[in-house]
Amino acid sequence: MEQDVNGDLANLKTVNYDDLDSVSKLQKSQRFADIMQLCFKMTLLLILGRCFGLQKF
C-alpha cells in the first residue's frame, strides 16, 4: 500500500480485513481518524435535529 508524506495510507481502494496489519495501519491513520470524527459529528447533529425538531424526515 502507498503511503503519503505524513505516513498515512494514501490510497485505500480495497482493504483485506483478514490482514490485521492492514486494518491496524488504517485505524492508526489520520485520514481514518478525521473520517470517524466527521461521522460522529454528523450523527450527533442528526440526533439533535430529530430531538429538537430541527429536521423533518
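The values are calculated or read from the model by the stated rules, or taken from the named source; none is laboratory data. Just so it is clear, the structure is predicted and the values come from calculations on it, not from any experiment. In this analysis, Cβ positions are derived from the backbone assuming ideal geometry, glycine residues included, and neighbour counts consider all displayed protein chains.
For this structure, a couple of remarks:
- Filtered residues of the range 27-51 (kept if at pLDDT below 85 and surrounded by 12 or more Cβ atoms within 10 Å (Cβ to Cβ)): Gly49, Arg50
- Val15 vs. criteria surrounded by fewer than 11 Cβ atoms within 10 Å (Cβ to Cβ) and modelled with pLDDT under 65: no
- Of all residues in the range 25-47, those that are assigned to a helix (DSSP H, G or I) have Cβ atoms under 6 Å from Cβ atoms of residues that are of a type outside the set (A, V, I, L, M), 6 or more apart or on another chain, in Leu26/Phe32; Gln30/Asp8; Arg31/Asp8.
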